[in-house]
Amino acid sequence: MWELTKSFRFEAAHALSHTSLGEASQEIHGHSFRAEVTIRGTPDPVTGMVMDLGLLERAMSDVQKTLDHKLLNKIEGLSIPTLENLSRFIWERVQKTGHVVRVSVHRDSCGESCTYFGPERKA
């Protein structure tokens, strides 16, 4: 079993209320984000690839364009622009490309990240 990870960066602003960080988080402020999408599988015997990364790159590019240099509070379908919701939002837009096992979103300047593993499966 193999895992492949591809990443992209985006710059965006948001405002978060209801945190213990106070006014600093409630005012509109920006971050540099890095998103990583990881797929898992076995290489195809003909191509030698788990997946054609060009297909994943196209899906990721579409999401990047949606988020880059935007006010995240205004992105339809994102809800509250937390790391948690960003990782879920990206997952929902790239999971159709293959066997996505996780999406991580990092704010390296803050030393923060969140990883989404997809919806919970009922036993």
If the Cβ limit is 7 Å and pairs must be 6+ apart or interchain, which residue in the range 62-75 that is over 14 Å from Glu92 (Cα atoms) and modelled with pLDDT under 95 pairs with which residue that is of a type in the set (S, T, N, Q) and part of a loop (DSSP other than H, G, I, E, B)? none
Result of the Cβ filter at 9 Å on the range 76-103, keeping first residues that are within 18 Å of Ser61 (Cβ to Cβ) and partners that are assigned to a loop (DSSP other than H, G, I, E, B) and β-branched (Val, Ile, Thr), at least 6 apart or interchain, is Phe89/Ile75; Gly98/Val50
Single residue of the range 96-123 satisfying the filter (more than 15 Å from Leu4 (Cα to Cα) and part of a strand (DSSP E or B)) that is farthest from the chain's Cα centre (by Cα): Glu112
Could you check, for the range 3-13, whether at least one of its residues is aliphatic (A, V, I, L, M) and without any contact (Cβ under 8 Å) to a residue 40 or more places away in the chain? no
It is to be established whether one or more residues within the range 40-50 are hydrophobic (A, V, I, L, M, F, W, C) and either touching a residue at least 60 places away in the same chain (Cβ under 8 Å) or crowded, with 20+ Cβ neighbours inside 10 Å (or both). no
Is it the case that Glu36 is at pLDDT 95 or above, closer than 16 Å to Glu3 by Cα and of a type in the set (Asp, Glu)? yes
Please specify each residue of the range 94-123 satisfying the condition of being under 26 Å from Ala15 (Cα atoms), surrounded by 14 or more Cβ atoms within 10 Å (Cβ to Cβ) and at pLDDT below 95. Arg107
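Against the condition out of contact with any Gly (no Cβ under 6 Å at 6 or more places or on another chain) and within 27 Å of Met1 (Cβ to Cβ), how does Thr66 come out, does it pass?
The answer is no for Thr66.
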So how many residues does the range 72-83 have that are over 9 Å from the mean Cα position of the chain (by Cα) and in a helix (DSSP H, G or I)? 3
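The values are calculated or read from the model by the stated rules, or taken from the named source; none is laboratory data. For clarity, every value in this text was computed on a predicted model and none was experimentally measured. Cβ coordinates were reconstructed from backbone atoms using ideal geometry, including for glycine residues, and neighbour counts include every protein chain displayed.
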